[in-house]
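Here's the structure we're looking at; comments come further down.
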Amino acid sequence: MQIGFLGAGLLGRPMAERLQAAGHRVTVYNRTQSKVADLPNVGIAVAAQPEEAIRAGACVILMLADAGAIRNVLLSLAGKAELKGRTVIQMGTIGPQESRAIQQEVQAAGGDYLEAPVLGSIAEAKAQKLMVMVGGAEAQFTRWAGLLKSFGPEPRLIGPVGKAAALKLVLNQLIAAEIAAFSLSVGLVQREGIAVDTFMGILKQSALFAPAFEKKLPRLLARDYAIPNFSTKNLLKDLDLFLDEAKGLGLNPDCASGVRQLLQQAVDRGLADVDYSAVHSLVNPSNENKG
Ligand SMILES: NC(=O)c1ccc[n+]([C@@H]2O[C@H](COP(=O)([O-])OP(=O)(O)OC[C@H]3O[C@@H](n4cnc5c(N)ncnc54)[C@H](OP(=O)(O)O)[C@@H]3O)[C@@H](O)[C@H]2O)c1
């Protein structure tokens with residue numbers, strides 16, 4: 001199948017490569033062209049303008065940062081003009097209301113729209129193990145499930161457009177809460193002089209354990225947040241979307257607001273583009289930072 005792909009960032013790039021490896025012909029557009037200059041070497045075409053990628057196939061996949069980026073790239077005048085008769089599959093993390101608004105604009109331009117946000121990161125994308133959550137109609141799901149299996153074995157239909165977006169935010173709220181809570185516990189373990197291995201041994205045998213803890217521990221211990229899987233600024237974006245949604249539905253999200261403050265402080269300290277585990281440096285500052 002011929003596929004247009006907009007947004008070859010941290011996760012978009014390995015996803016585009018997966019599609020190509022699955023036998024599809026992929027045309028990628030990325031705002032910063034230098035980041036995709038090598039893709040033709042692996043058989044992926046690069047478009048200089050978004051509209052060129054959009055018209056490359058019957059389907060265009062979005063892996064852009066946020067709704068603002070989608071407006072710039074997909075819903076510009078030139079982009080919209082190419083949407084007639086094409087299907088847009090939105091796979092980034094945006095809010096349910098944003099997704100429904102984009103759906104309306106795509107439909108008004110004569111296109112079809114479904115959302116398919118994913119849980120998992122670069123390693124899961126490379127291993128075809130992303131969890132793909134689909135928001136759309138049953139018929140859309142049936143039509144596109146085969147393609148979505150290029151990213152993960154079991155795409156799931158969650159409900160109409162907006163529901164998969166909401167579920168993705170629900171999950172990312174847990175990512176944020178887990179890293180903040182885990183950093184705090186690791187900090188106290190270290191300051192009490194308890195061996196981290198002892199803490200982890202008990203944690204792992206308990207119902208409290210989450211695999212994300214073990215995955216992030218080496219970064220926390222080394223205070224090494226470089227080479228991100230998922231950036232601090234994107235997690236902050238997702239937590240803001242979660243908070244909007246949760247407040248609108250009458251929940252009390254104070255605990256998430258606290259974590260949001262930490263992420264904002266991390267961004268303010270220049271940690272926007274590193275791995276989100278950098279929140280550890282705020283929760284558990286090193287002695288050098290104590291000053
Ligand atoms: N990384 C993960 O583990 C992960 C997992 C699940 C979901 N997600 C979600 O998937 C989406 C992409 O994630 P990512 O990690 O690949 O993000 P990323 O590395 O920050 O890449 C974002 C992409 O959006 C483009 N972009 C950003 N702002 C733009 C603008 N104003 N106009 C045009 N293009 C713009 C970037 O272009 P440039 O290259 O020019 O900056 C890049 O192609 C996000 O919504 C993220 O929350 C990420």
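Projecting the Cα atoms of 276, 202, 136 onto the charge dipole of the chain, computed from C-beta unit charges around the Cα centre, puts 136 farthest toward the positive end. The label point for residue 268 and the one for residue 254, both projected 7 Å from the Cα toward the Cβ, are 2.1 nm apart.
Among the listed pairs 35/163; 84/149; 84/247, a Cα-Cα separation exceeding 27 Å is found for 35/163; 84/247. Springs between Cα atoms under 10 Å define the GNM used for the chain, and in it the highest mean-square fluctuation of 150, 206, 121 occurs at 206. Remark: spin-label model distance residue 84-residue 208 equals 6.1 nm, labels positioned 7 Å along the Cα→Cβ axis.
None of the figures in this text is laboratory data; all of them are computed from the coordinates on show. This structure is a prediction, so every number in the text was calculated from the model and none was measured. FYI the Cβ positions are ideal-geometry reconstructions off the backbone, even for glycines, and counts take in every protein chain you see.
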